[in-house]
Amino acid sequence: MTTTRFAPSPTGYIHVGNLRTALMNFLIARKAGGEFILRIDDTDPERSKEEYVDAIKQDLEWLGLTWDRVERQSLRLEQYEAAAEKLRGMGRFYEVFETPTELDLKRKKQLNMGNPPVYDRAGLALSEAEKDALRAERGGYWRFKLDQERIEWNDGIIGDVSIDAASVSDPVLIRADGQVLYTLASVVDDTEMGVTNVVRGADHVTNTATQIQIIEALGGKVPQFAHHSLLTGPQGEALSKRLGVLALRDLREQGVEPMALLSFMARLGSSDPLELRTEMADLIDGFDISHFGTAPTKFDVADLFPLTAKYLHAQPFAAVADDIAALGVPAAQAEAFWNAVCENIETRKDLAAWWLLIREGAEPVIDAEDKEFIAEAMALLPAGELTGESWGAWTAAVKEATGRKGRGLFMPLRKALTGMEHGPDMGALLPLLQVIKARG
Ligand code: GLU
């Protein structure tokens, strides 16, 4: 069975960068009829916050990225301890004592000598007596001893990867205070939860190399890994600093529609064309991870709005009825309102401005040369209930009386009634205009 997981740390909100990871893992599981796990990576008690756990769930629910079960790393510390014991017993763990400053100094020296800044394994050379003394003085932490051979895997996006373990520092898996670090916890979870496919960002490629050795040492099955390229801004600039404003809740706040966002993210950076999907099933069907490329992927939040508009324009009234009711549009006019304005909104939020215009009327825009024309036209407005036919009848009468036609006839009327040069079809809008309806 195919099992994937999305494994956010609850230290912030989900943004477009990790949405990509979540979506790809979700789509792979759903396409295979497998299982999608939401794994909360909360082993760091200082940085993990419950409010972010809730927020992550809300954001995924908003998008319809449903999970089959939730796992929390903070509830699995015993399993990690057992794995650590096993690795210690196998001689794959060793205790080290360098402070961050000492490590930094070592790295600088190595770089000055033109060598790669790889941990020198000084901890391995310490005698028991030296270790006892250091432990008493500053406490020790634990590294995993990599086998210094090439680590290879066939990546679902990058293709064949080969990394020389000698060029990678032995990863720290347990901190001095006993806290298990992400790499060990993740490997234990992936192994014990039967995770078959792991998609994550290209910033994890080196982690993957070390994780493969740890999985093998623990006797686990190495999942199929795939590393997607990182997103950049529209000019290719690093997105990391701006991710704070690209949180899913900000996009939701700005009116981006879930299916527009998902359709976009499911194709961004792939050789498949961008297609707006209105159904999740179609998104799942049309997804193929092997079509994604390794080049950094440009992301421009502005691209989400035309797609959101396109999505909305195709929605039936039922899909927006609640939003329209919430604006206070009377039920009898709600559907006519939607039909009149649906092509003229970019997000649902724009409905409010159209309703305001209909209810309150607009500040008329009347050019000096149109003053008389508008006065004459207003006097000709059909009496009684305005209907879908009224605009046609009215403009025909105005044309007859004034001799105007085409743009010279229609545009001044539109501007007088809406204050704008563009907008909904006037035939549909006219019967809704409350100000006109209330005329004496
Ligand atoms: N919590 C890790 C992160 O957010 C998970 C990485 C992984 O998918 O293994 O980077």
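The values are calculated or read from the model by the stated rules, or taken from the named source; none is laboratory data. Quantities reported herein were computed from a predicted structural model and do not represent experimental measurements. FYI the Cβ positions are ideal-geometry reconstructions off the backbone, even for glycines, and counts take in every protein chain you see.
A few remarks follow.
This table checks each residue for (1) more than 25 Å from ASP104 (Cβ to Cβ); (2) more than 16 Å from the ligand (Cβ to nearest atom).
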{"position": "GLY156", "(1), (2)": "yes, no"}
{"position": "GLN179", "(1), (2)": "no, no"}
{"position": "ALA185", "(1), (2)": "yes, no"}
{"position": "VAL188", "(1), (2)": "yes, no"}
{"position": "MET193", "(1), (2)": "yes, no"}
{"position": "THR206", "(1), (2)": "no, no"}
{"position": "GLU216", "(1), (2)": "yes, yes"}
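- All conditions but one from (1) part of a helix (DSSP H, G or I); (2) modelled with pLDDT of 95 or more apply to GLU346; the one that does not is (1).
- Of all residues assigned to segment 138-161, none qualifies as being more than 42 Å from the chain's Cα centre (by Cα), over 30 Å from THR196 (Cβ atoms) and of a type in the set (Gly, Ala, Ser).
- Annotation note: Cβ proximity below 8 Å between a residue of segment 193-216 that is more than 28 Å from GLY33 (Cβ to Cβ) and a residue that is part of a helix (DSSP H, G or I) and within 12 Å of the ligand (Cβ to nearest atom) (sequence gap 6+ or interchain) occurs for ASN207/THR183; THR210/THR183; ILE214/THR183; ILE214/LEU184; ILE214/VAL187.
- Of the residues in segment 57-75, none is closer than 30 Å to ALA122 by Cα, modelled with pLDDT of 95 or more and surrounded by fewer than 15 Cβ atoms within 10 Å (Cβ to Cβ).
- Some residue of segment 4-23 being more than 14 Å from the ligand (Cβ to nearest atom), of a type in the set (D, E, K, R), in contact with an Asp or Glu (Cβ under 9 Å, 6 or more places away or on another chain) and modelled with pLDDT of 95 or more: no
- Note on segment 1-99: enclosed helices (runs of 4 or more DSSP H) holding 1 or more residues that are under 24 Å from VAL222 (Cβ atoms) and of a type in the set (Phe, Trp, Tyr) are 16-31, 77-89.
- Among residues of segment 3-20 that are β-branched (Val, Ile, Thr), those with a Cβ under 9 angstrom from a residue that is near the ligand (Cβ under 9 Å from one of its atoms) and part of a helix (DSSP H, G or I), sequence gap 6+ or separate chain, pair up as THR4/ASN25.
- Some residue of segment 359-382 being in contact with a Cys (Cβ under 9 Å, 6 or more places away or on another chain), crowded, with 16+ Cβ neighbours inside 10 Å and among the hydrophobic types (A, V, I, L, M, F, W, C): no
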